[in-house]
Amino acid sequence: MNQPQPLTPAQVRAFADLTAKLSGAISTVVLGKPEVVRLGLVAMFAQGHVLLEDVPGVGKTTLARAIAASVQGAWRRIQFTPDLLPSDVSGVTIFNQANRGFEFHPGPIFANIVIADEINRASPKTQSALLEVMEERYVTVDGVRHAVPRPFLVVATQNPVEMDGTYRLPEAQLDRFLMKLSVGYPDEAVEIEVLRGAALRSPEAITPVTDVTTIGEAISLANRVHIADPLYTYAVRLAAATREHKHVRVGVSPRGVIALTRAASAYALTEGRGHVLPEDVKVLLEPVFAHRILLTPDAQLRGVTAHEVLRDAVEAVPVPLPGQTGPTHEPTRPVGARPA
């Protein structure tokens with residue numbers, strides 16, 4: 001199999017410029033949250049999905065809509081409710097009397113960017129309708145597979161309070177999300193600025209700065225970022241440290257390690273580098289790993305958090321030396337991501 005060609009400085013600069021333009025557009029409506037915006041874009045470039053979990057009113061849906069509006073492509077919003085059916089998400093086959101045959105009518109999942117608002121308010125059966133399409137990029141209806149557009153990104157939101165009438169996402173579905181992010185409250189200066197221009201800052205006002213073809217090309221570049229072997233070892237040992245932690249019942253799976261390397265590749269390019277450093281892995285550790293860790297009941301009663309487990313893992317696993325992680329004359333290798 002042919003190895004991908006190393007990235008040129010011009011390609012790295014083009015990727016960083018694209019990220020800066022997208023971040024600038026999104027930040028006109030999502031104020032004071034540059035790192036959250038950046039991580040959302042990293043997930044898109046890494047062909048992953050994002051779960052935004054936070055209290056009401058901090059801009060989860062606004063961030064999701066702003067990401068969709070900044071890219072000129074098809075996007076849909078699905079408001080999840082207890083009575084939403086799986087067919088309302090994936091689509092349905094209907095008999096057409098005119099041609100005496102069955103026709104497939106695609107659901108709102110057939111878009112480049114799908115906003116799944118308040119995903120934990122839908123029933124488990126409807127939530128499971130997302131599982132196949134998030135992982136495989138296909139929907140199966142009446143035994144027939146239908147491909148969704150590429151690139152494909154699901155940005156889901158959920159509210160951790162007011163849990164009455166909600167359905168907790170199972171671990172199998174949480175694992176499908178590349179990252180779990182929290183927007184958080186704005187600081188005082190940003191909140192005042194929001195009040196001054198609340199009526200003017202709407203995602204609908206964003207002018208798209210790129211299209212899905214360019215995003216697909218950026219995804220291909222992210223697949224060619226160099227990851228040195230010691231960094232693969234570092235990522236695997238960090239995951240192993242979560243599995244062996246005394247407060248953890250289920251640690252990070254191999255899928256989580258693949259997600260970390262994919263995200264680190266895209267993150268390195270946003271930094272203007274064609275190779276991954278240990279710092280990239282550390283920055284992404286909590287967004288990518290935390291929601292994949294299942295604590296023991298005793299640890300939950302003691303108030304132990306996934307953040308503490310990851311902190312212990314970082315302290316326990318030696319960091320590769322600087323000379324071991326830079327680019328070499330060897331060709332770059334793929335990091336487990338699908339082609340755009």
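G251 meets each of the listed conditions (1) under 22 Å from E135 (Cβ atoms); (2) at pLDDT 95 or above apart from (2).
Let's see how each residue does on (1) assigned by TED's automatic domain parsing to the domain that holds E271; (2) outside any helix (DSSP H, G or I); (3) under 16 Å from the mean Cα position of the chain (by Cα); (4) buried (at least 17 other Cβ atoms within 10 Å of the Cβ):
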site	(1), (2), (3), (4)
S23	no, no, yes, yes
G32	no, yes, no, yes
L52	no, yes, yes, yes
P56	no, yes, no, no
L84	no, yes, no, yes
V92	no, yes, no, no
F95	no, yes, no, no
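Does V236 meet the test of being at pLDDT 95 or above and under 21 Å from the mean Cα position of the chain (by Cα)? For V236, the condition - at pLDDT 95 or above and under 21 Å from the mean Cα position of the chain (by Cα) - is met. When A69 is tested against the conditions (1) closer than 30 Å to T28 by Cβ; (2) buried (at least 23 other Cβ atoms within 10 Å of the Cβ), the lone failure is (2). Among the residues of segment 107-127, the ones that are touching a helix residue (DSSP H, G or I) at 6+ places or on another chain (Cβ under 8 Å) and either farther than 27 Å from G40 by Cβ or surrounded by fewer than 15 Cβ atoms within 10 Å (Cβ to Cβ) (or both) come to 1 in all. Taken residue by residue, segment 214-222 has no member that is under 22 Å from L51 (Cβ atoms), at pLDDT below 85 and in contact with a helix residue (DSSP H, G or I) (Cβ under 9 Å, 6 or more places away or on another chain). What are the residues in segment 240-277 that are among the aliphatic types (A, V, I, L, M) and surrounded by fewer than 22 Cβ atoms within 10 Å (Cβ to Cβ), if any? Across segment 240-277, the qualifying residues are A240, A241, V248, V250, V257, I258, L277.
Residue count for segment 141-169 under the criterion of being in contact with a helix residue (DSSP H, G or I) (Cβ under 8 Å, 6 or more places away or on another chain), free of Cβ contacts under 8 Å to residues at least 40 places away in the same chain and outside any loop (DSSP other than H, G, I, E, B): the result is 0. Would you check if D88 is assigned to a loop (DSSP other than H, G, I, E, B), surrounded by fewer than 22 Cβ atoms within 10 Å (Cβ to Cβ) and acidic (D, E)? So D88 does not fit the description; no. Counting the residues of segment 195-207 that are modelled with pLDDT of 80 or more, more than 20 Å from the chain's Cα centre (by Cα) and surrounded by 11 or more Cβ atoms within 10 Å (Cβ to Cβ) gives 2. Exactly one residue out of A263, A268 is hydrophobic (A, V, I, L, M, F, W, C) and under 28 Å from Q158 (Cα atoms), and it is A263.
Note on segment 149-170: residues that are surrounded by fewer than 18 Cβ atoms within 10 Å (Cβ to Cβ), at pLDDT below 75 and either within 13 Å of A122 (Cα to Cα) or not assigned by TED's automatic domain parsing to the domain that holds K60 (or both) total 3. Filtering P208, P186 for residues that are of a type outside the set (D, E, K, R), in contact with a strand residue (DSSP E or B) (Cβ under 9 Å, 6 or more places away or on another chain) and in a loop (DSSP other than H, G, I, E, B) leaves a single hit, P208. Any residue that is of a type in the set (A, V, I, L, M, F, W, C), in contact with a helix residue (DSSP H, G or I) (Cβ under 7 Å, 6 or more places away or on another chain), in a loop (DSSP other than H, G, I, E, B) and in contact (Cβ under 8 Å) with a residue 60 or more places away in the chain - is there at least one of those in segment 58-78? Within segment 58-78, not a single residue is of a type in the set (A, V, I, L, M, F, W, C), in contact with a helix residue (DSSP H, G or I) (Cβ under 7 Å, 6 or more places away or on another chain), in a loop (DSSP other than H, G, I, E, B) and in contact (Cβ under 8 Å) with a residue 60 or more places away in the chain.
The values are calculated or read from the model by the stated rules, or taken from the named source; none is laboratory data. Note that the structure is a prediction, hence the values are computed from the model and not measured. Note: ideal-geometry Cβ built from the backbone for every residue, glycine included; neighbour counts use all protein chains shown.
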